[in-house]
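Asks: The following block contains the structure, expressed as structure tokens.
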Amino acid sequence: MSALLQMEGVRKTYATGAVAVEALRGIDLSVEEGSFVAIVGPSGSGKSTLMHILGCLDVPTQGRYRLGGEDVGHMSEAELADVRNRRIGFVFQQFNLLPSMTAQRNVELPLMYAGVPRDERAQRARAALERVGLGDRTHHRPGELSGGQQQRVSVARALVTDPTLILADEPTGNLDSASTRDVLGLFHELHDAGRTIVLITHEADVAKEARRVVRIIDGLLTEGEAP
Ligand SMILES: Nc1ncnc2c1ncn2[C@@H]1O[C@H](COP(=O)(O)OP(=O)(O)O)[C@@H](O)[C@H]1O
Ligand SMILES: [Mg+2]
């Protein structure tokens, strides 16, 4: 079976001024298509750095990363943007919604970048919002929605392009326990529908939702349960 995501010896060093930070120190990770993986670790352990590379938002300093068999290490900025837009849906802790746009317009954005015509865009965005239980909030702006609702809008935005991979970085970090359950329930639905889910979190009880848990500490991975 071929892996959807495959990292070999991935290192990431940030050179800021005179100090070099080794955020990732040799990551080997293979994620099968259709799996639900949690990456768990304390603050500063390299989770977001790893997520940025998995999501083609950044490239390794050293090592190799393949997504769907394609080596992304040698891609141009435009090629990386294309891979992101076609294959990956992102969910962030801070929701990253545009405040001046309605929920529907926010969800339409990835389709706009993909050149989907206006009518189809609107129809698919409304369907995605219905899917996350917000069919009656399509014309609300983010400021008119609760935190849990805003995160559901961002899940709708992540799934509207029908991506293979959903990458979530601390998606429940700003949510109360009821909204956390809602959002985790959505990830389970997406997983049951065949999506590959990579959920990054520092919360052990959130990580328990996944079939597989990978721990990251000081830029290195270990498989299995928390100590
Ligand atoms: N853009 C950056 N420039 C310099 N150092 C960074 C940058 N991003 C992260 N780091 C450093 O890399 C390490 C890992 O950070 P990060 O991946 O954000 O960890 P986590 O998401 O687990 O909290 C930290 O020491 C952090 O200070
Ligand atoms: Mg982080």
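Derivation of every value follows stated rules applied to the coordinates shown; laboratory data play no part. In this text, all values refer to a predicted model and were calculated from it rather than measured experimentally. Cβ sites come from the backbone with ideal geometry, for glycine too, and all protein chains shown count toward neighbours.
Asks: Could you tell me how many of the residues in segment 191-205 are crowded, with 21+ Cβ neighbours inside 10 Å and not β-branched (Val, Ile, Thr)?
Replies: Number satisfying all stated conditions: 2.
Asks: For Gly63, are the conditions met, namely being free of Cβ contacts under 8 Å to residues at least 60 places away in the same chain, crowded, with 17+ Cβ neighbours inside 10 Å and either touching an Asp or Glu at 6+ places or on another chain (Cβ under 7 Å) or at positive phi (or both)?
Replies: Here the answer is yes, as Gly63 does meet what is asked.
Asks: Return the residue satisfying two criteria in turn: it lies in segment 81-98 and is crowded, with 17+ Cβ neighbours inside 10 Å and within 16 Å of ligand 1 (Cβ to nearest atom), and of such residues it is farthest from Pro142 (Cα to Cα).
Replies: The selected residue is Phe90.
Asks: Would you point out the residue of segment 38-60, among those that are surrounded by fewer than 20 Cβ atoms within 10 Å (Cβ to Cβ) and touching a residue at least 40 places away in the same chain (Cβ under 8 Å), that is nearest to ligand 2 (Cβ to nearest atom)?
Replies: Residue satisfying both the conditions and the ranking: Ser48.
Asks: Among Val31, Val21, which is the only one that is more than 16 Å from ligand 2 (Cβ to nearest atom), of a type in the set (Val, Ile, Thr) and under 20 Å from Asp169 (Cβ atoms)? Please lay out each step first, then the result.
Replies: Values: Val21 fails: more than 16 Å from ligand 2 (Cβ to nearest atom).
That would be Val31, the only listed residue that is more than 16 Å from ligand 2 (Cβ to nearest atom), of a type in the set (Val, Ile, Thr) and under 20 Å from Asp169 (Cβ atoms).
Asks: Sticking with this structure for a sec: Tally the residues that are outside any helix (DSSP H, G or I) and either in contact (Cβ under 8 Å) with a residue 12 or more places away in the chain or of a type in the set (Asp, Glu) (or both), restricting the search to segment 117-133. Walk me through how you get there before you give the answer.
Replies: Taking segment 117-133 and keeping what is outside any helix (DSSP H, G or I), we get 117, 132-133.
Still in the running and either in contact (Cβ under 8 Å) with a residue 12 or more places away in the chain or of a type in the set (Asp, Glu) (or both): 132-133.
Number of matching residues: 2.
Asks: Among Glu209, Glu144, Glu130, which is the only one that is under 18 Å from the mean Cα position of the chain (by Cα) and among the acidic types (Asp, Glu)?
Replies: Numbers: Glu144 fails: under 18 Å from the mean Cα position of the chain (by Cα); Glu130 fails: under 18 Å from the mean Cα position of the chain (by Cα).
After ruling out the rest, the residue left standing is Glu209.
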